[in-house]
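Structure record follows, encoded as structure tokens.
The values are calculated or read from the model by the stated rules, or taken from the named source; none is laboratory data. Quantities reported herein were computed from a predicted structural model and do not represent experimental measurements. Here Cβ is always computed from backbone atoms with ideal geometry, including for glycine, and neighbour counts include all displayed protein chains. For the accessible areas, the whole protein counts, side chains as well, though only heavy atoms, and no ligand, DNA or RNA atoms are used. Shrake-Rupley method; radii C 1.70, N 1.55, O 1.52, S 1.80 Å.
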Amino acid sequence: KQINNAVAIYARVSSSENKNKNNLARQRERLENYCAAKGYKVVKVVEEIGSGLNDHRKKLESLLMDESIKKIVVEHSDRFSRFGMNYISKLLQMQGREVEVINEQSNDRDDLMQDFVSIVTSFCARLYGQRRNKKRTEKIIEELSKED
């Protein structure tokens, strides 16, 4: 039985932000206070440490796969996902679910710089990886051609 005001909260900090161990706890506390003020019943609390650019965060994946959770409350959208938030919201909407973002304005200068460095690093790694992948693909095609 789904309770209409039942929600999950999702708090995330990057590993660099986690140097001050209280950041995650304070974020969770703000989320809990917001939910209490809105009259929401928090049925699940998910806390995670990791980059917002990482799309393999196990705890977030688990939360997204739990269809009993109809509303996920986050402090800032970038705590949930750095990119593709609109797509995630649309997919959840198709399931009758949603992400509620408390504060739409975020992304201070340090966060933006960290994102920029992460993106450049990611693209460099992918470029070097593509060169290796191209050679692997050519080898697979060559082996398949020999079989014919």
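Residue check: VAL7 meets all listed conditions (1) buried (at least 17 other Cβ atoms within 10 Å of the Cβ); (2) under 25 Å from SER118 (Cβ atoms); (3) at pLDDT 85 or above but one, namely (2).
Can you tell me which residue within the stretch 85-108, out of those that are modelled with pLDDT of 85 or more and of a type in the set (D, E, K, R), is most open to solvent (accessible area, probe 1.4 Å)? Checking each candidate, the answer is LYS90. Residues that are buried (at least 16 other Cβ atoms within 10 Å of the Cβ) and among the hydroxyl-bearing types (Ser, Thr, Tyr) within the stretch 29-84 comprise TYR34, TYR40, SER51, SER77, SER81, listed in sequence order.
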